[in-house]
Ligand SMILES: [Zn+2]
Ligand SMILES: [Zn+2]
């Protein structure tokens, strides 16, 4: 992977650095997010008293479904837009991408709108199979009653 810590100390006014990164791998994105390959395009422009980072990120991340816990690929896109003070020497674009990508991750990611989730009783993935838990549902409140009957 290219180094995404961009040295901007040599930039003159209105000068611009442009970069395109095909395989931007972000480590330690989030605990539940494992592998991710993202494409990033960005530019850094020096203005009179600031640096402007502009760009976009797109690609897929691997994440666990909040209902069935299966890993699936979630397409994401994010925009980069940040102003840095004139005194900035190094702009950590990777960190910026990381933060923007995290913002796009849903709180409860779903592998699909129709995800049936896991059976609360036996834990089977109900997208893949069915179980008979409804019929066999065990209500402990009946135990004492059955003892009395016996
Ligand atoms: Zn799911
Ligand atoms: Zn079940």
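The values are calculated or read from the model by the stated rules, or taken from the named source; none is laboratory data. Everything quoted here is computed from the prediction, not taken from an experiment. All Cβ positions, glycine included, derive from the backbone under ideal geometry; neighbour counts span all protein chains shown.
Please work out which one of (1) within 16 Å of ligand 1 (Cβ to nearest atom); (2) in a loop (DSSP other than H, G, I, E, B); (3) surrounded by 14 or more Cβ atoms within 10 Å (Cβ to Cβ) is the condition residue 63 fails and give its number.
(2)
Please list, ordered by residue number, the helices (runs of 4 or more DSSP H) wholly in the stretch 91-150 having 2 or more residues that are modelled with pLDDT under 90 and closer than 30 Å to residue 57 by Cβ.
Values: elements: 93-104, 133-136, 141-149.
The helices (runs of 4 or more DSSP H) meeting that bar are 93-104.
Need pairs with beta-carbon distance below 6 Å; first residue within 10 Å of residue 38 (Cβ to Cβ) and within the stretch 73-85, second not in a strand (DSSP E or B); sequence gap 6+ or separate chains.
Partner pairs satisfying both residue conditions: 76/104; 78/100; 78/101; 78/104.
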